[in-house]
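Down below is the structure, laid out as structure tokens.
Throughout, read-outs are computed from the coordinates displayed, never taken from laboratory work. Just so we're clear, the structure is a prediction, and the values are computed from it rather than from any experiment. Backbone-built Cβ (ideal geometry, glycine too); neighbour counts: all protein chains shown.
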Amino acid sequence: MTPIDNCKLIDLPKIGEPRGNLTFVEGGRHVPFEIKRVYYLYDVPGGAERGGHAHKGLHQLIVAMSGSFDIVLDDGQSKKRFHLARSYFGLYVCPMIWREMDNFSSGAVCLVLASNLYDESDYYRDYDEFKRDLK
């Protein structure tokens, strides 16, 4: 088992009715961390890529709120590609996983729930440095 195997799709509650659907997320219940920050990506130009970094200690749940996009996760040993296209699925990403996001559809909105407040010192922005620290 490699570290990337800890990253997985999580089914979020979906309450459906004729007037529309409702999905909710509770920190510590639906995700394995308490939520301390929420941010979202939108208006990503066609062909653009996002991500290109890893976190030392941050846990995240990534949800396609609208549209779709792909996420490639890399733990230095193996890679996995996930296609997110439904707002009732979230991708849990644990620390020390390099991520790249691409293939954004028109109008895509990416919601990210994070375990900590923003801290630049938590980032790896250089892949070689990330790989060195994995050893």
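Some points to look at:
- Extension gain (nm, one decimal) between Val38 and Met1, 0.36 nm per residue minus Cα-Cα: 10.3 nm
- Label-reachable residues, region 88-105, where backbone N falls under 15 Å from a point 7 Å from Ser66's Cα toward its Cβ: 105
- Where [x] 36, 15, 12; [y] 25, 17, 14; [z] 32, 16, 13 are the candidate values, the label of the one calculated here for semi-axes √(5λ) of the Cα gyration tensor in Å is [y].
- GNM remark for the chain: springs join alpha carbons under 10 Å apart, and the peak mean-square fluctuation among Leu12, Leu73, Leu91 falls on Leu12.
- Estimated vicinal HN-Hα couplings, Hz - region 100-106 in sequence order (Karplus 6.51, -1.76, 1.60; Gly, Pro = x): 10, 10, 8, 6, 6, 6, 4
- Remark: spin-label model distance Glu120-Glu49 equals 2.3 nm, labels positioned 7 Å along the Cα→Cβ axis.
- Summing charges over all other residues whose Cβ lies under 13 Å from the Cβ of Lys36, with Lys and Arg as +1 and Asp and Glu as -1, gives -2.
- Backbone N within region 70-109 under 12 Å of label point (7 Å from Lys14 Cα along the Cβ vector): 85-90
- For the chain, built as a Gaussian network whose Cα springs stay under 10 Å, the top-fluctuating residue of Gly52, Gly28, Gly20: Gly20
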